[in-house]
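A.B. asks: Here it is: the structure, laid out below.
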Amino acid sequence: MTAERDQTELLDQTPAGISRASTILRSGGLVAIPTETVYGLAGDARNPAAVKAIFAAKGRPAHNPLIVHVAHMDTATALARLDDTARTLAHHFWPGALTLVAPLRDGHGLAPAVTAGLDTVALRLPAHPAARALLAEFGRPVAAPSANPSGQISPTTAAHVMAGLSGRIAAVLDGGACPVGVESTIIGTDDTGRAVVLRAGGISPEMMAGVLGYLPAPAQSATITAPGQMASHYAPRASVRLNAAKRTGHEVWIGFGPDCTGADFTLSENGDLAQAASQLFAILHKADALGRPIAVAPVPEHDLGLAINDRLRRAAAPRDT
Ligand code: AMP
Ligand code: MG
């Protein structure tokens, strides 16, 4: 391979940049794309070689299925059978930070590795204008996990993607910082058709309660239909201590709210959970670069705090390696 082919192109979100990204996807290559949640590593979901390359570039275990991104509701309903609950949620929250898990239809045409051999697929219609423009121009479903080496901190800027995957993917489409900042909420349905939360994310249970008439609960472990919700994930190189009301020793202290005077970084000075979510991964990247143990102040366990605490618990979990 020549040195030139090892270089990752940096594209901008102009029509020319989008068009170049679409050409790369069409040829089976991988492009990191901005979404409102985090950057995704996009490949043609119907091309087995492209899907294989996604797992390889990330070092992602093959049993952890990918989310399929579509430009239109019609594409989603052609791939999977969305029940009434899923349709209601799609109607209110798409385009947006919500992923729906639904049974695959016959003839879906997705590469089997996308769903890790499951008979369900995770679907999302993202809101970011550059992602939507690319999906529309490419015209096919795109598989896109977060654009980071597996198990590491998710990327919310093009620079984060470059730091993790430069030389291993064809291009990064730079769409600025991701406004939501945590991954999508993944919703499945239980036997009675009620929505259950498979992964907390950018759409909170409180937001969904408004349209469902009930607060969707976390799935019981027995009903989780997918592998891959690994305990250790989003992991900085440094150790992470949670619910830290103050710094100990030479820790880097990440604060939340007004009582964190002297913190090295603050997720949100006025305790705004949406602001904290949007800053979370960028601050973890910066804190990790300091090379010291990390301590994080308590974050309330409601609304977007559920997604923030989920990511922090996984960042703090014991590592395999
Ligand atoms: P990431 O792409 O890194 O945001 O992770 C995608 C998440 O979606 C993983 O935690 C998967 O377990 C989950 N997922 C993908 N497909 C399915 C599915 N068919 N059923 C349940 N969860 C899924
Ligand atoms: Mg991920």
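A.B. asks: Of all accessible surface on the chain at a 1.4 Å probe, what whole percent is carbon and sulfur? List each step's numbers first, then the result.
C.D. replies: Working: 7300 of 13720 Å².
That share works out to 53 percent.
A.B. asks: Which distance in Å, rounded to a whole number, links the C-alpha centroids of the range 98-135 and the range 1-56?
C.D. replies: If you average the Cα positions of each part, the centres end up 17 Å apart.
A.B. asks: Something else now. Set Lys and Arg Cβ to +1 and Asp and Glu Cβ to -1, take the dipole of the chain about its Cα centre, and tell me which of THR266, LEU284, PRO129 lies farthest positive.
C.D. replies: It is LEU284, whose Cα lies furthest towards the positive end.
A.B. asks: Now a separate question. Tell me, what is the FRET efficiency for THR23 and ALA217 to the nearest 0.05, using R0 = 41 angstrom and their Cβ-Cβ distance as r?
C.D. replies: Working: r = 44 Å, r/R0 = 1.07.
According to the calculation, E is roughly 0.40.
A.B. asks: Need the full-extension length gain, LYS52 to ALA231, defined as separation in residues times 0.36 nm minus the C-alpha distance. One decimal, nm. Working shown, then result.
C.D. replies: Working: separation 179, 0.36 × 179 = 64.44 nm, distance 2.38 nm.
Here the segment from LYS52 to ALA231 would lengthen by 62.1 nm.
A.B. asks: Work out from phi, with θ = phi - 60° and the Karplus expression 6.51 cos²θ - 1.76 cosθ + 1.60, the ³J(HN,Hα) of each residue of the range 55-64, listed in order in whole Hz, and give x for Gly and Pro.
C.D. replies: With the stated coefficients, the range 55-64 comes to 4, 5, 4, 7, x, 8, x, 5, 8, 9 Hz.
A.B. asks: Also, quick follow-up: Determine the dipole magnitude for the range 8-124: charges of +1 sit on the beta-carbon of Lys and Arg, -1 on that of Asp and Glu, nothing else is charged, the reference point is the Cα centre, and the result goes in debye to the nearest 20.
C.D. replies: Working: 10 positive and 9 negative charges, 52 e Å.
The dipole magnitude comes to about 260 debye.
A.B. asks: Which Cα, out of PRO149, HIS72, MET208, lies furthest along the positive dipole direction of the chain (beta carbon charges, K/R +1, D/E -1)?
C.D. replies: PRO149
A.B. asks: In a Debye calculation with equal point scatterers on the alpha-carbon sites of the chain and no solvent, what is log10 I(q)/I(0) at q = 0.07 Å⁻¹?
C.D. replies: Log10 of I(q)/I(0), two decimals: -0.26.
A.B. asks: Next question. Label point 7 Å out from ALA274 along Cα-to-Cβ: which residues of the range 112-132 have amide N under 18 Å?
C.D. replies: 127-129
A.B. asks: Follow-up. Longest span of the chain, sites excluded, free of trypsin sites (Lys or Arg not before Pro) in DSSP loop with at most 14 other C-beta atoms within 10 Å? Could the numbers behind the result be given before it?
C.D. replies: Details: sites that count: ARG81, ARG105, ARG194, ARG237, LYS246, ARG319.
With trypsin sites (Lys or Arg not before Pro) excluded where exposed in loops, the chain gives 106-193 as its longest stretch.
The values are calculated or read from the model by the stated rules, or taken from the named source; none is laboratory data. For clarity, every value in this text was computed on a predicted model and none was experimentally measured. Positions of Cβ are backbone-derived with ideal geometry, glycine not excepted, and every protein chain shown enters the neighbour counts. To get the accessible areas, we keep the full protein, side chains included, count just its heavy atoms, and leave off ligands, DNA and RNA. Shrake-Rupley method; radii C 1.70, N 1.55, O 1.52, S 1.80 Å.
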